[in-house]
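Before any comments, here is the structure.
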Protein chains: 2
Amino acid sequence: MVSERGLAVLRAIVQDYVATREPVGSKTIVDKHRFGVSAATIRNDMALLEDEELIAAPHTSSGRVPTDKGYRVFVDQLADIRPLSPAQRHAIEIFLGESVDIDDVLTRTVRALAQLTHQVALIQYPSVSRARIQHLEFVALAPRRVLTVLIADTGVVEQRVVELSVDYDDAALRALRDATNAALVGMPMADASAVLPAIVDGFPETLRPLAGELVESVGAIIGSTRQERLIMAGTANLVRTEHDFTGSIFPIMEAIEEQVELLKLFGEMAAEQHGVGGNRDVSVSIGRENEPFGLAETSVLTTGYGAASGPVARLGVLGPTRMDYSTNMAAVRAVARYLSRALGDQA
Amino acid sequence: MVSERGLAVLRAIVQDYVATREPVGSKTIVDKHRFGVSAATIRNDMALLEDEELIAAPHTSSGRVPTDKGYRVFVDQLADIRPLSPAQRHAIEIFLGESVDIDDVLTRTVRALAQLTHQVALIQYPSVSRARIQHLEFVALAPRRVLTVLIADTGVVEQRVVELSVDYDDAALRALRDATNAALVGMPMADASAVLPAIVDGFPETLRPLAGELVESVGAIIGSTRQERLIMAGTANLVRTEHDFTGSIFPIMEAIEEQVELLKLFGEMAAEQHGVGGNRDVSVSIGRENEPFGLAETSVLTTGYGAASGPVARLGVLGPTRMDYSTNMAAVRAVARYLSRALGDQA
DNA sequence: TATTGGCACTCATAGGTATTGAGTGCTAGT
DNA sequence: ACTAGCACTCAATACCTATGAGTGCCAATA
């Protein structure tokens with residue numbers, strides 16, 4: 001079993017290795033951290049840690065490096081999440097203060113997170129399906145062509161041009177708009193789909209075809225995959241940390257750009273909420289745990305964000321397994337709070 | 001002066017170097033390309049090319065590599081733009097065929113271009129200010145809160161939430177909508193700003209405050225910088241070609257992500273239209289020419305796209321100076337045509 | 001005059017060997 | 001339970017020596 005001091009040694013190894021990228025030796029530890037014991041004692045502890053597969057030696061005779069399992073223990077038990085400095089908080093506020101549009105808010109937020117962590121920052125687009133409908137509009141564009149606009153209470157606006165097979169007039173359009181709004185406003189998107197057919201049935205025979213096509217476009221918007229998208233910033237940072245990967249980072253960058261695997265991972269992290277160890281509102285997925293997503297050797301930290309009514313989606317950062325978890329977890333958490341507040345103001 | 005054959009040698013050097021990333025020697029040239037002369041003769045030609053600074057030798061005794069100037073001559077005089085293969089054209093059509101939304105069109109297009117060229121693909125967002133107004137809508141959201149929606153004939157939809165200092169009713173909103181539409185529809189955005197005050201003046205005293213605020217929001221949308229944005233794909237490809245850069249690609253990736261310098265470059269390339277050498281509708285900016293933008297050692301190929309009424313914006317690719325100009329120019333040109341057509345269909 | 005064969009010269013690259021030193025595991029002693 | 005001491009390992013470094021692709025130049029040739 002690993003002793004109390006053993007864990008302290010693990011913490012020291014993780015911190016030093018993250019800071020220097022050099023395998024950490026027993027001498028380094030006694031020099032930098034004030035353990036009251038000799039290097040030989042530390043070596044004994046390290047031998048135990050190695051038995052537990054929490055650390056490993058790159059070659060027979062070099063210092064130790066944390067394993068994925070070691071990082072896991074560090075994150076779950078040893079990392080202290082120190083809050084951001086006042087300067088950093090101030091920087092975020094200025095950064096986000098000027099934004100007006102929701103896309104603007106998201107773009108600025110993701111950039112702030114990237115700059116704060118020096119990693120790739122990711123924000124899942126606010127899920128339309130989990131939000132509520134605030135307003136619905138049909139805009140006449142041309143004969144047989146209408147623009148359907150759907151506004152969610154998160155401030156997200158979705159639109160789609162509909163080509164109709166039947167004619168319409170403004171009165172009909174207005175009537176349809178009023179009826180659908182009456183039926184849908186305030187309703188969670190997820191529940192809305194079920195109500196749609198009833199709306200069509202409520203119209204006189206003559207309007208049925210038009211109503212059918214327009215309402216269908218609403219359903220299409222709700223069911224659309226737009227919400228399954230990530231906004232990202234700081235991909236350049238992955239290049240900066242290239243040496244932390246054994247192979248090329250090309251496949252990783254490809255996977256990130258492709259988004260689809262990353263979104264699956266986001267989904268899983270949202271689902272498991274990752275135990276309840278302490279104040280762990282930030283989920284962490286480490287190294288090989290991400291292999292199924294083509295993201296081996298990376299770690300992903302995420303947390304939920306949204307209005308008071310509950311989380312709408314997730315945001316986080318991605319970087320090499322060898323990263324500063326303490327700082328990054330703090331940044332992710334703080335930025336999520338700022339974004340949630342900004343969205344609350346908005347909606 | 002460089003002889004006819006000398007230019008042919010330059011072409012051979014560029015092609016070989018691009019293909020192999022190895023400095024090209026005289027022997028290689030006589031082996032691969034059927035010049036009817038000996039290696040010694042080629043060496044004489046190469047000495048001349050070196051005097052003209054079209055090629056250079058990395059070290060005293062290795063093959064030659066094209067200089068930026070050499071690439072410039074190659075692009076302006078020697079590159080043959082071979083059309084895409086039928087398979088490639090087919091791939092594009094399938095790729096773009098399914099898209100419905102304009103954002104969807106752009107996203108798919110930029111991905112197609114990245115995949116075709118194996119470079120970073122860039123599309124400048126269709127400039128709102130150069131397009132015409134197709135429709136304008138004020139959507140009532142809540143007391144003192146209205147959503148202004150502006151639809152351009154390029155299919156671009158811009159929206160903004162307006163907080164009002166005065167109350168309104170639906171009738172007033174409708175009247176305003178009709179009046180502004182009557183005044184603005186069909187007008188180029190750039191000209192619209194001038195007309196806005198007159199619209200407000202056309203309203204009775206009581207509606208002036210409301211009209212003023214709403215019309216102002218229209219002006220804000222038109223003047224917004226949203227159009228100054230790039231959609232991009234294939235940044236992973238830069239990593240793949242990392243060895244083509246002397247230093248780290250980190251600053252380059254940063255510059256690309258930042259977008260602002262890149263947009264300046266796009267602007268310049270649009271302005272100069274780059275001479276009239278032959279069928280040069282694709283502009284090329286090579287290596288050190290891009291240094292002021294923080295993009296030394298890269299080349300950028302762009303061309304305009306848009307409806308029949310003229311170019312709306314530009315698209316192109318960015319990659320290391322050592323790239324396959326012939327193929328990439330062909331791809332850029334072809335994709336621009338497909339996109340222009342898709343936008344025409346859309347609008 | 002343009003081209004070619006021949007040749008000495010250069011210099012990056014690859015391979016081989018010796019040296020160094022950080023760090024370990026182990027054992028015996030406190 | 002801890003520590004000092006010591007033999008051992010092995011990556012990293014330096015240094016040396018081919019090797020060979022490729023050049024520039026010159027004299028010979030068409």
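The values are calculated or read from the model by the stated rules, or taken from the named source; none is laboratory data. Only a predicted model underlies this, so the values are computations on that prediction, with no experimental measurement involved. Note: ideal-geometry Cβ built from the backbone for every residue, glycine included; neighbour counts use all protein chains shown.
Summary of values
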item: B:Ala152 being surrounded by fewer than 17 Cβ atoms within 10 Å (Cβ to Cβ) and among the hydrophobic types (A, V, I, L, M, F, W, C); result: no
item: Selection status of B:Arg5, more than 10 Å from DNA strand D (Cβ to nearest atom) and loosely packed, with under 13 Cβ neighbours inside 10 Å; result: no
item: Cβ pairs under 6 Å, 6+ apart, first in the stretch B:49-61 and within 22 Å of B:Ala8 (Cβ to Cβ), second part of a strand (DSSP E or B) and more than 15 Å from DNA strand C (Cβ to nearest atom); result: B:Leu49/B:Ile55; B:Ile55/B:Pro66
item: Subset of the stretch A:85-123 [closer than 26 Å to A:Ser299 by Cβ and among the polar types (S, T, N, Q)]; result: A:Ser85, A:Gln88, A:Thr107, A:Thr109, A:Gln115, A:Thr117, A:Gln119
item: Total residues in the stretch B:221-272, condition small (Gly, Ala, Ser) and touching an Asp or Glu at 6+ places or on another chain (Cβ under 6 Å); result: 2
item: Sole residue being under 30 Å from B:Ala220 (Cα atoms) and in contact (Cβ under 8 Å) with a residue 40 or more places away in the chain, chosen from A:Val105, A:Val18; result: A:Val105
item: Test for A:Leu96: is it crowded, with 18+ Cβ neighbours inside 10 Å, away from DNA strand C (no atom under 16 Å from the Cβ), under 19 Å from the mean Cα position of the chain (by Cα) and away from chain B (no Cβ under 14 Å); result: yes
item: Boolean, A:Arg111 is more than 16 Å from DNA strand D (Cβ to nearest atom), within 24 Å of the chain's Cα centre (by Cα), farther than 30 Å from A:Ala192 by Cβ and within 14 Å of chain B (Cβ to nearest Cβ); result: yes
item: Answer residue from the stretch A:246-260, given it is within 25 Å of A:Pro66 (Cα to Cα) and away from chain B (no Cβ under 11 Å) and is surrounded by the most Cβ atoms within 10 Å (Cβ to Cβ) among those; result: A:Gly247
item: Condition met for A:Ile102 (under 25 Å from A:Ala19 (Cβ atoms), away from DNA strand D (no atom under 16 Å from the Cβ) and out of contact with any strand residue (DSSP E or B) (no Cβ under 7 Å at 6 or more places or on another chain)); result: no
item: Whichever residue in the stretch B:261-271 is more than 10 Å from B:Gln124 (Cβ to Cβ) and within 10 Å of the chain's Cα centre (by Cα) and, among such residues, is surrounded by the most Cβ atoms within 10 Å (Cβ to Cβ); result: B:Leu265
item: Top-ranked residue in the stretch B:118-167 [being within 11 Å of chain A (Cβ to nearest Cβ) and part of a loop (DSSP other than H, G, I, E, B); ranked as farthest from the chain's Cα centre (by Cα)]; result: B:Asp153
item: Residues satisfying the stated conditions in the stretch A:11-22, i.e. within 13 Å of DNA strand C (Cβ to nearest atom) and surrounded by 15 or more Cβ atoms within 10 Å (Cβ to Cβ); result: A:Ala12, A:Ile13, A:Asp16, A:Tyr17
item: Subset of the stretch B:85-117 that is of a type in the set (D, E, K, R) and not in a loop (DSSP other than H, G, I, E, B) - its residue that is nearest to B:Arg229 (Cα to Cα); result: B:Asp103
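Listed here are the residues, each with its yes/no results for (1) small (Gly, Ala, Ser); (2) at pLDDT 95 or above; (3) farther than 17 Å from A:Val2 by Cβ; (4) surrounded by 20 or more Cβ atoms within 10 Å (Cβ to Cβ).
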site	(1), (2), (3), (4)
A:Asn44	no, yes, no, no
A:Ile55	no, yes, no, yes
A:Leu78	no, no, no, no
A:Val120	no, yes, yes, yes
